[in-house]
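The structure appears right after this line, and notes come after that.
Please treat every number below as a calculation from the coordinates, not as lab data. Keep in mind that what you see is a predicted model, and the values were worked out from it rather than measured.
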Amino acid sequence: MMNGWFEGVVRQGHGVASGVNSESPYTKGTIAIQSPLFKRLGLDLSAYWHGTINLCFKPLEIVLQNPDYKFENMFWTELHPPETFSFWNIKIRMSDGGQTNGLIYYPHPETKIRHWQSASILEILAPRLEKLGSGTPLQIQTADGCMQLIDGCRLRAKLLEFLKFRVLASPDYFFSDSSQQGKREWLSSTNPEFLILPDADLNYVWEQAKNLYTENK
């Protein structure tokens, strides 16, 4: 089953994936370098342009789950440690109604050392699409349960407020189990609304709560 269509706006990227950035150490482009490695692991990218489309959904943030492909700790350059990559099969619909297949290309941020990417931007692999410039609207469709758009700023602020009185009531007890599993089990029983937040966001809010509401900073 497929999700509905998500509409974003194309934004200019860093030019690292395609190799057009003259200051990038990857002169061939990262996609061209990585493609043979992905092919050996079972994912053929030969149908796609060796660059990415940056699709922006600001002010909303993207949450991805259940990838079609995941390659952990792939070594592809001497310049930094191995990275983990996930991919999702998608359909792409242009403003003129034309459609094509593509992939969400997701270098996991916890292993992506050199280039920070906004949580509101997706990198898309697709055949070369004509007349696709910055500001162009573009729609994508994923399988059901793979992608959601959330108001991350609102949820993080709401979670911090939700934690406030629970921390103040018993700070030692509250932080006695700050493991990822412990956080999620506690939220599951108290307020499942926040379970959509990624692990990194939960860790950030927990640390904020500890700094703001306890003396053990």
>> From the alpha carbon gyration tensor of the chain, can you work out the equivalent ellipsoid semi-axes (sqrt of 5 times each eigenvalue) and give them in Å, largest to smallest?
In response: 35, 20, 16
> According to the Kirkwood expression over distinct Cα-Cα pairs, how big is the hydrodynamic radius of segment 124-174, in Å?
Replying inline: 15.6 Å
> What Rg and what Dmax come out for segment 32-84 when only alpha-carbon atoms are used, in angstroms?
Replying inline: 13.5, 37
> When N counts the residues of segment 152-213, how does its alpha-carbon radius of gyration compare numerically with 2.2 N^0.38 Å, as a ratio?
Replying inline: 0.99
> Reachable lysines from K91, Cα under 24 Å, same-chain residues fewer than 8 places away excluded?
Replying inline: K39, K58, K70, K131
